[in-house]
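I have placed the structure first, in the form of structure tokens, so that the comments after it can refer back to it.
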Amino acid sequence: MKTIYFITGNKGKLSEVKEKLRSLDVTVIQEDLGYPEVQGDSLEEVAEYGVECIKKRFSHPFILEDAGLFIDALEGFPGVYSKYVFFTIGCKGILKLLEEKKRRTAVFRSVYAYSEPDKKPLFFIGECQGIIANKEKGGGGFGYDPIFIPNGETKTFAEMGIEEKNTFSHRGKAMDKLIDFLKEK
Ligand code: ITT
């Protein structure tokens, strides 16, 4: 059996990763160590900086993830600021910003970093295109899930179970790549 340390404080992410790895012989252990989210231009930059911070304090191989919602009509906002924006204006604030906008396309992005001591981190990227709903719908998931509808669907992520969300989501796609890599190890 393999063990993976996942550096995260986000229980929603943890549940999605556990669900994804359920059929594999892998145990996921959460380490809520916390790391500063540098205000970089890209999720990769944020993840890379996080890896460098954690490596100084943690001697096992680990994964961490940075994700964000990029809304076209808002020039990619909240993007790398997704966490701060969620805890300040939240889904309601985003809906307000889009009130007069016809264009509602958006993309969720996820970047996983896999890190081993004395090695450069590896990155695994996933994206999910979709639209921002007109109102919040659903009670599942976390973050912006109640306002995001993936392309080809009518339900928001918050109206889906974890398994269903994983088949569409940025995190599910990035995890598929990470899993392929881990299987080869
Ligand atoms: P970590 O401890 O793993 O860093 P976090 O909550 O800080 O967890 P991120 O910085 O990666 O997570 O994500 C920024 C925000 O984007 C997050 O707080 C959510 O509000 C939102 N978000 C990320 N992935 C999401 C998803 O799958 N569904 C809905 N919202 C999501």
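The values are calculated or read from the model by the stated rules, or taken from the named source; none is laboratory data. Since the structure is predicted, the reported quantities are computational estimates derived from the model, not experimental observations. As a convention, Cβ positions derive from the backbone with ideal geometry for all residues, glycine included, and neighbour counts pool all protein chains shown. For the accessible areas, the whole protein counts, side chains as well, though only heavy atoms, and no ligand, DNA or RNA atoms are used. Shrake-Rupley method; radii C 1.70, N 1.55, O 1.52, S 1.80 Å.
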Original post:
So what are the three principal axis dimensions of the range 33-127 from its Cα atoms, in whole Å, longest to shortest?
Top reply: 51, 23, 16
**OP:** Taking amide H positions as placed in the peptide plane 1.01 Å from N, state which residues far from Gln30 in sequence (5 or more) or on other chains have amide H under 5 Å from it.
**Re:** Phe6
Subject >> Sum of side-chain charges, Phe157 neighbourhood, beta-carbon under 11 Å (Lys, Arg +1; Asp, Glu -1) >> reply: -1
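Which GluC sites (Glu not before Pro) in the range 43-78 sit in a loop by DSSP (not H, G, I, E or B) and have at most 14 other Cβ atoms within 10 Å of their own Cβ?
Glu75
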Original post:
³J(HN,Hα) across the range 70-80 via Karplus (A = 6.51, B = -1.76, C = 1.60, θ = phi - 60°), whole Hz, x for Gly/Pro?
Top reply: 10, 9, 4, 5, 10, 6, x, 5, x, x, 5
Subject >> Peptides 148-158, 27-37 ordered by average Cβ neighbours within 10 Å, highest first >> reply: 148-158, 27-37
Subject >> Backbone HN-Hα couplings from phi across the range 144-150 [Karplus 6.51/-1.76/1.60, Hz, Gly and Pro as x] >> reply: 7, 3, x, 10, 10, 10, x
Original post:
Quick one: Karplus J couplings for the range 31-41, per residue in order, coefficients 6.51, -1.76, 1.60, θ = phi - 60°, nearest Hz, x for Gly and Pro?
Top reply: 10, 8, 7, x, 7, x, 8, 4, 7, x, 7
Subject >> Three principal axis lengths of the chain [C-alpha, angstrom, descending] >> reply: 50, 34, 22
Subject >> Mean accessible surface per residue for the range 1-159, computed with a 1.4 Å probe while every protein chain stays in place, in Å² >> reply: 52
